[in-house]
Each structure stands twice: as structure tokens, then as C-alpha cells.
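Asker: One structure, as C-alpha cells, below. Some questions next.
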């Protein structure tokens, strides 16, 4: 599992409760990404900072999107759960 970067840790300290809960859920279970989640600024920030990653479920990119926590996102989720962040 990769170690979170300084930038990712800084961002994690400022995450909203909603972002923390989303990351915690994604660390255990990848999920389909709804259209509202794809355009939501808080959720896009998780992807921008490399804590979550989204991808299409079809080869041509037209299918439903899934997203999951990255290794760094999983590590941060564990730190949040342990009260370290």
C-alpha cells in the first residue's frame, strides 16, 4: 500500500464529514458513481487529490462509472478511523 503524500495528508485534515464518510465507504466497497456524484465538488476533490479514482465499467467509456479509494485513500481512511487525522 502506498504512503499518502504531504499534499494528500494536508487535504485530509481539511476534509468535510461528508468526504470522510465517502472515503471510508469507498475504502471497503467500490461503488457506482451517480451523475450527481460526478459533478459534486466535494467528491471531485477526493479524485483530484488522488484519494479516490473513478473509471468507466465499459471499454468504450460510455458505461456506468465506478469509483473506489486508492491505496493512499485507504491509508488515510484508516488514519481517520483511528483518530490520527
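The values are calculated or read from the model by the stated rules, or taken from the named source; none is laboratory data. None of the values given here were measured: they were computed from a predicted structure. Cβ sites come from the backbone with ideal geometry, for glycine too, and all protein chains shown count toward neighbours.
Asker: Test residue 8 against the criterion of being within 14 Å of residue 74 (Cβ to Cβ), in a helix (DSSP H, G or I) and out of contact with any strand residue (DSSP E or B) (no Cβ under 9 Å at 6 or more places or on another chain), and give yes or no. Show your work before the answer.
Answerer: On the way: within 14 Å of residue 74 (Cβ to Cβ): yes; in a helix (DSSP H, G or I): yes; out of contact with any strand residue (DSSP E or B) (no Cβ under 9 Å at 6 or more places or on another chain): yes.
Spelling it out, residue 8 is indeed within 14 Å of residue 74 (Cβ to Cβ), in a helix (DSSP H, G or I) and out of contact with any strand residue (DSSP E or B) (no Cβ under 9 Å at 6 or more places or on another chain).
Asker: Could you list, in sequence order, the residues of region 18-59 that are closer than 23 Å to residue 7 by Cα and part of a loop (DSSP other than H, G, I, E, B)?
Answerer: Hits for region 18-59 are 40, 49, 50, 51.
Asker: Would it be correct to say that residue 62 is loosely packed, with under 11 Cβ neighbours inside 10 Å, modelled with pLDDT of 85 or more and not in a strand (DSSP E or B)? Full working, then the answer.
Answerer: Working: loosely packed, with under 11 Cβ neighbours inside 10 Å: yes; modelled with pLDDT of 85 or more: no; not in a strand (DSSP E or B): yes.
Here the answer is no, as residue 62 does not meet what is asked.
Asker: Show the residue pairs meeting these rules: Cβ distance below 6 Å; 6+ apart or different chains; first residue within region 43-71 and at positive phi and touching a residue at least 40 places away in the same chain (Cβ under 8 Å); second residue surrounded by 20 or more Cβ atoms within 10 Å (Cβ to Cβ) and assigned to a loop (DSSP other than H, G, I, E, B).
Answerer: Hits for this filter: 50/70.
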